[in-house]
2 protein chains.
Amino acid sequence: MQRMTRQRAAVLELLSDQGEFRSAHQIHESLTARGQAIGLATVYRTLQGLAEVGEIDVLRRDGETTFRRCERRAHHHHLVCRQCGLTVELQGDLVERWARELADLNGFVEVEHTLEFSGLCANCAKGGS
Amino acid sequence: MQRMTRQRAAVLELLSDQGEFRSAHQIHESLTARGQAIGLATVYRTLQGLAEVGEIDVLRRDGETTFRRCERRAHHHHLVCRQCGLTVELQGDLVERWARELADLNGFVEVEHTLEFSGLCANCAKGGS
DNA sequence: TTATCTGCAAAGTATTTGCATAATG
DNA sequence: CATTATGCAAATACTTTGCAGATAA
């Protein structure tokens with residue numbers, strides 16, 4: 001049903017390398033930079049297909065959709081500098097616990113969540129390099 | 001700074017009538033249907049202004065942004081049923097506290113966050129109407 | 001009066017789709 | 001070889017912006 005093409009393999013490999021959520025545009029750019037010829041439309045179609053099969057995670061951010069290869073590793077959150085992109089991986093599961101509590105309290109099931117922090121890192125805050 | 005124009009009043013009134021989250025397009029359509037002449041661009045600009053002042057809540061759904069008048073002025077989060085759109089406003093500021101803590105810990109400033117929970121409400125979970 | 005707001009249309013993004021060609025299983 | 005995927009460009013969907021004229025305070 002889903003054929004393994006050069007492009008599909010390239011997208012999967014890229015997503016494995018970059019553990020983070022990336023937009024279709026970023027993925028296309030990275031692949032092109034690596035010398036992998038691939039159309040933007042194909043990137044979109046491939047990502048859509050991979051998401052349907054559950055190979056990758058989808059996250060809506062601002063106005064765009066981002067994708068990441070699913071890992072068994074526990075999900076976590078990020079603190080991102082909105083100027084330079086510096087990213088800190090956060091620990092702690094208080095949101096996860098809150099989610100569970102909310103599910104019980106409101107009769108919801110399969111409760112998922114998205115959480116992200118953004119700010120200015122120390123360097124960028126003081127005029128940064 | 002923000003002038004009360006006929007259009008602004010109309011948007012506010014509509015949002016008060018319809019308690020649920022509505023997209024700019026839906027709002028524009030409803031107003032036009034009511035005989036209120038207003039440009040789509042104005043709807044967007046007005047909604048943006050109202051959101052900045054905290055008069056309305058913003059929620060990103062699929063590819064579009066939706067708005068709803070909120071009773072509670074303080075910023076808060078939502079638990080949304082991904083099938084029927086039922087929305088519960090959440091209370092508690094544990095994420096806000098966490099954000100403050102993270103800022104200190106990592107030397108970030110102006111830390112903002114986005115958090116949203118989605119799941120299936122009781123009704124939809126059992127096959128719902 | 002004058003700073004702000006409005007409408008329109010044009011410009012931007014992000015994403016999807018039609019179709020002829022290429023490549024997979 | 002029969003499908004399914006690809007690339008391109010054109011098409012969509014949503015949102016923002018430039019600007020001249022209108023309007024609230």
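The values are calculated or read from the model by the stated rules, or taken from the named source; none is laboratory data. Owing to the predicted nature of the structure, the values given are computational and were not obtained by experimental measurement. Please note: Cβ atoms are built from the backbone with ideal geometry, for glycine as well, and neighbour counts cover all protein chains shown. SASA here: full protein model, heavy atoms, side chains in, ligands and nucleic acids out. Shrake-Rupley method; radii C 1.70, N 1.55, O 1.52, S 1.80 Å.
Per-structure values
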| read-out | value |
| --- | --- |
| Test for B:V43: is it modelled with pLDDT of 85 or more, within 10 Å of chain A (Cβ to nearest Cβ) and touching a helix residue (DSSP H, G or I) at 6+ places or on another chain (Cβ under 6 Å) | no |
| Failed item in (1) within 16 Å of DNA strand C (Cβ to nearest atom); (2) open to solvent by 80 Å² or more (accessible area, probe 1.4 Å); (3) modelled with pLDDT under 90; (4) farther than 24 Å from B:A122 by Cβ, with B:Q48 passing the rest | (3) |
| Qualifying residue in the range B:53-68 (condition: more than 13 Å from chain A (Cβ to nearest Cβ), assigned to a helix (DSSP H, G or I) and within 16 Å of DNA strand C (Cβ to nearest atom)) | yes |
| In the range A:56-73, residue surrounded by the fewest Cβ atoms within 10 Å (Cβ to Cβ) [restricted to those that are within 12 Å of DNA strand D (Cβ to nearest atom) and in contact (Cβ under 8 Å) with a residue 12 or more places away in the chain] | A:E64 |
| Residues of the range A:16-32 classified as at pLDDT 95 or above and not β-branched (V, I, T), total | 8 |
| Unmet requirement for B:H76, which otherwise passes all of (1) within 30 Å of A:G119 (Cα to Cα); (2) more than 11 Å from chain A (Cβ to nearest Cβ); (3) open to solvent by less than 30 Å² (accessible area, probe 1.4 Å); (4) modelled with pLDDT of 90 or more | (4) |
| Hits in the range A:1-42 - residues which are farther than 13 Å from A:C70 by Cα, within 14 Å of DNA strand C (Cβ to nearest atom) and outside any helix (DSSP H, G or I) | A:M1, A:Q2, A:R3, A:M4, A:T5, A:S23, A:Q36, A:A37, A:I38, A:G39 |
| Any chance B:S23 is hydroxyl-bearing (S, T, Y), surrounded by 16 or more Cβ atoms within 10 Å (Cβ to Cβ) and within 14 Å of chain A (Cβ to nearest Cβ) | yes |
| The one condition in (1) away from DNA strand D (no atom under 16 Å from the Cβ); (2) over 11 Å from the mean Cα position of the chain (by Cα); (3) over 22 Å from A:S118 (Cα atoms); (4) surrounded by 13 or more Cβ atoms within 10 Å (Cβ to Cβ) that B:L31 fails to fulfil | (1) |
| Tally, over the range B:94-126, of residues that are in a loop (DSSP other than H, G, I, E, B) and open to solvent by less than 60 Å² (accessible area, probe 1.4 Å) | 3 |
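Every residue, every condition in (1) away from DNA strand D (no atom under 14 Å from the Cβ); (2) assigned by TED's automatic domain parsing to the domain that holds A:L115; (3) exposed (fewer than 14 other Cβ atoms within 10 Å of the Cβ), yes or no:
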| position | (1), (2), (3) |
| --- | --- |
| A:L14 | no, no, no |
| A:D17 | yes, no, yes |
| A:A41 | no, no, yes |
| A:G54 | yes, no, yes |
